[in-house]
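Since the structure comes first, as structure tokens, the remarks are kept for the end.
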């Protein structure tokens, strides 16, 4: 039996956000080493992703297992060998598809995933930034509309659910203003 109330219509994916695409995206133009990729994420996106070195290596291993990156062992005299990571054709296809997708309607997804997407679009394809803002704005507006409909259907006595919906709606309306401010920075 499927539960069909206003809170179970669409699954939420909070907690599934990962810096996977941030690491993969750094390999788009050139191969790199795990340590260097980790340092780059920390220096360029450290306020977006909190990523330990062990987490970075774990994600890179997963990307290799999935077939998104390949690894070449580089031997060094008197030092341990290093691994040179390269994006595969599959990884490239996956990364480019991710660049074209909106980040969903949660403020957390927008803060983490959309900002990461902007980082790579500005680096690799700045001409596509206006389209990315337009898609994200439409996604946020659609999410606002869904939440407003849920709030309308909510029984009056569900005070705490209403408070939660009100907060999410205020956050998303603030996000719309933030998107406008950010887009102006890129013009």
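Of note:
- Filtering region 152-160 for residues that are in a helix (DSSP H, G or I) and surrounded by 12 or more Cβ atoms within 10 Å (Cβ to Cβ) leaves an empty set.
- For residue 136, the conditions (1) touching a strand residue (DSSP E or B) at 6+ places or on another chain (Cβ under 6 Å); (2) more than 17 Å from residue 28 (Cα to Cα) all hold with the exception of (1).
- Restricting attention to region 93-114, the residues that are in contact (Cβ under 8 Å) with a residue 60 or more places away in the chain and surrounded by fewer than 16 Cβ atoms within 10 Å (Cβ to Cβ) add up to 1.
- Leading residue by the ranking (surrounded by the fewest Cβ atoms within 10 Å (Cβ to Cβ)) among those in region 62-71 that are over 19 Å from the mean Cα position of the chain (by Cα) and part of a helix (DSSP H, G or I): 65
- Just one of the numbered conditions (1) modelled with pLDDT under 95; (2) assigned to a strand (DSSP E or B) is not true of residue 104: (2).
- Residues of region 19-37 that turn out to be without any contact (Cβ under 8 Å) to a residue 24 or more places away in the chain and not in a helix (DSSP H, G or I), as a count: 2
- Exactly one residue out of 131, 139 is surrounded by fewer than 18 Cβ atoms within 10 Å (Cβ to Cβ), in the same structural domain as residue 174 (by TED's automatic domain parsing) and more than 20 Å from residue 46 (Cα to Cα): that is 131.
- Some residue of region 72-86 being touching a helix residue (DSSP H, G or I) at 6+ places or on another chain (Cβ under 8 Å), outside the structural domain of residue 180 (by TED's automatic domain parsing) and either surrounded by fewer than 18 Cβ atoms within 10 Å (Cβ to Cβ) or touching a residue at least 24 places away in the same chain (Cβ under 8 Å) (or both): yes
- Of residues in region 41-58 being under 13 Å from residue 21 (Cα atoms) and not in a loop (DSSP other than H, G, I, E, B), the one nearest to the chain's Cα centre (by Cα): 45
- Residue that is outside any loop (DSSP other than H, G, I, E, B) and more than 17 Å from the chain's Cα centre (by Cα), where the choices are 134, 83: 83
- Residues of region 69-93 that turn out to be at pLDDT 95 or above and more than 18 Å from residue 36 (Cβ to Cβ), as a count: 5
- Look at (1) at pLDDT below 95; (2) not assigned by TED's automatic domain parsing to the domain that holds residue 172 and you find that residue 156 fails only one, number (2).
The values are calculated or read from the model by the stated rules, or taken from the named source; none is laboratory data. Predicted, not measured: the structure shown is a model, and the values here were computed from it. Reconstructed Cβ throughout: ideal geometry from the backbone, glycine too, with neighbour counts over all protein chains shown.
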